[in-house]
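The values are calculated or read from the model by the stated rules, or taken from the named source; none is laboratory data. Please read all numbers here as calculations on a predicted model, not as lab measurements. When we count neighbours, we look across all protein chains shown, and the Cβ atoms used for this are built from the backbone with ideal geometry, even at glycine.
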Amino acid sequence: MKLIKYIKKQFVWIVSILMAFLFIYAAASKWMDFENFQVQLAQSPLLSAYAGFISYGVIIVEFVLAICLCLPNTQKMALYGSLGLMSAFTFYIHTILHYSDFIPCSCGGILEKLGWTEHLIFNLFFVFLAFAAILYKERKENPNSKLFRPVWIAIACVAMSSGVVLVLFLRSEHIIKKENNFTRRFLQHPVMEDKNIDLGVNSYYFAGIVDGIIYLGNITAPLLMTKVDTNLQKVSQTKIEIDAKNHPFRSVQLQVKRPYYYLHDGSVPVIFRGKLGDSLASTLSYGDAFFNQLTVLDSMRFALRTQRRTDNQYTLALLDLNKEPKIALKTNVLEKQIDGVFDVDGLLASDPTKGTIAYTYFYRNQFILMDSALNVLNRFNTIDTTRIAKISITKLSDGKIKMNAPPFSVNKGYALHENLLFNRSNLKGKHEPAESWKSSSIIDVYRTDEQRYIGSFYIRNKNGKGMSSMLIDGPYLYVLVDQELQRYRIRAGAFK
């Protein structure tokens, strides 16, 4: 009985001390592991865009409330503030559990041992305590007054704090997906490695995939076509013979598109074509165009990147061997910022599932989507903020242009699949752990039918080397890391 009487008499102080202890403990845990807390908050599906100021703000508010709860003159105000803060935390967890694609972790200390549902119950308990303490204090200070006013003030605190979380959530989602300020959202295990095979050397690149066979080209052995089944169990090689060997080749590249394979070297205006299963490749095109990149559209049509004769600037072009003239320049696709060469440098590739073509700039945050006739469908931005290429160039006396300083590289490569672009970024975003960035390749995923960032994931380095290229086929992502070919299973719905 004495204990019950004591609790009744000191109820407000007991609640205030409990909440003060909770806030001090929570704030101290966050502060002692602040970098991890900020990184985890940046991965929140609700508050990613505001991780910077929220990470500081929450700690400061918790410390201030803890102090005010222990002072008689500020206790009532602090109880209302505690009710609002705990309501905000509760609304946040409720939204995470019911409206989030994935569940992050941003708790420290003993609270880390609680599941999110248990954490929700824990928070609701303290919301109830704060509300009860407010009413008890009001009744004790004004025994004859009605509790109408404090009840409505308490409800207003709950509504306002929950509303702030809601607004931050809606704004954060818009910023992250539409107007990203370079805050990455790492998805929860979107890909899982399930197989790998050692190829023996690290000079391979993906040439294509057809009927369950991965075709690899080799930089050091350009006429060697390597075939690996998609289960990564069988490896075979074919030595390609070409019908014209007297060209001054510099870098012969291999591409595969059913039912043919193609060999090309843009420094020599030649394209060879052979049928899959046949080791002989015959000249398909000679003298039609010089080029420095090529992607196969169909058996007689190719998208090229070439240099205009008038000013030596890069431009895209369509090579159609069934038309006359065969080459059609598309001068409006690549947009010059500085010199029209280095500033528009990038990678040209096509999507085998959709027939669309993409071009991603190396030194600025933009990729271009085109149809099979190289008509621009959309220009989208990646989440970093490098809109203007950061390069320094020098024009030599012979008219040639060279870089006189290392360029600021943004993007390193990509793969297309259906309506998604998997882009390998070369830049570290906000609130990202430096160690993970140094030990992995970062893949950012974007929609190709609208300006939307989906999320990111890591591909771990091998022997200190990052991935060199990637290929997507159905539910699998294939990557080359050092001399290893790795297969990752894409989790169903991971990028929806």
Item to complete: Just need a number here: residues in region 139-157 that are touching a residue at least 24 places away in the same chain (Cβ under 8 Å) and under 21 Å from residue 17 (Cα atoms).
Response: 3
Worksheet item: Listed residues 213, 219; which is hydrophobic (A, V, I, L, M, F, W, C) and modelled with pLDDT under 95?
Response: 219
Practice prompt. Hey, can you tell me all the residues within region 246-269 that are at pLDDT below 95 and among the hydrophobic types (A, V, I, L, M, F, W, C)?
Written response: 249, 252, 268
Item to complete: From the list 148, 169, 131, 102, pick out the single residue that is modelled with pLDDT of 85 or more and among the aromatic types (Phe, Trp, Tyr).
Response: 131
Item to complete: Please work out if residue 252 is assigned by TED's automatic domain parsing to the domain that holds residue 300, surrounded by 14 or more Cβ atoms within 10 Å (Cβ to Cβ) and free of Cβ contacts under 8 Å to residues at least 24 places away in the same chain.
Response: no
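Residues are listed down the side, and each one gets a yes or a no for (1) free of Cβ contacts under 8 Å to residues at least 60 places away in the same chain; (2) under 27 Å from residue 385 (Cβ atoms); (3) among the basic types (Lys, Arg):
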position	(1), (2), (3)
431	no, yes, no
448	no, yes, no
457	no, yes, no
460	yes, yes, yes
466	yes, yes, no
471	no, no, no
476	no, no, no
Item to complete: Kindly provide the set of residues from region 420-439 that are at pLDDT 90 or above and either over 11 Å from residue 470 (Cβ atoms) or out of contact with any Ser or Thr (no Cβ under 8 Å at 6 or more places or on another chain) (or both), ordered by number.
Response: 420, 421, 422, 425
Practice prompt. For region 351-365, state whether one or more residues are farther than 18 Å from residue 444 by Cα and either among the polar types (S, T, N, Q) or touching a helix residue (DSSP H, G or I) at 6+ places or on another chain (Cβ under 9 Å) (or both).
Written response: yes
Worksheet item: Looking at this structure, is residue 413 surrounded by fewer than 21 Cβ atoms within 10 Å (Cβ to Cβ), of a type outside the set (A, V, I, L, M) and at positive phi?
Response: yes
Worksheet entry | Any strands (runs of 3 or more DSSP E) falling wholly within region 186-236 and containing at least 1 residues that are loosely packed, with under 15 Cβ neighbours inside 10 Å and in contact with a Phe, Trp or Tyr (Cβ under 9 Å, 6 or more places away or on another chain) | 191-198
Fill in: Residues located in region 209-230, provided they are free of Cβ contacts under 8 Å to residues at least 40 places away in the same chain, under 26 Å from residue 351 (Cα atoms) and not hydrophobic (A, V, I, L, M, F, W, C)
212, 217, 218, 226, 227, 229
Worksheet item: Just wondering, is there one or more residues in region 264-284 that are in contact (Cβ under 8 Å) with a residue 60 or more places away in the chain and within 22 Å of residue 225 (Cα to Cα)?
Response: yes
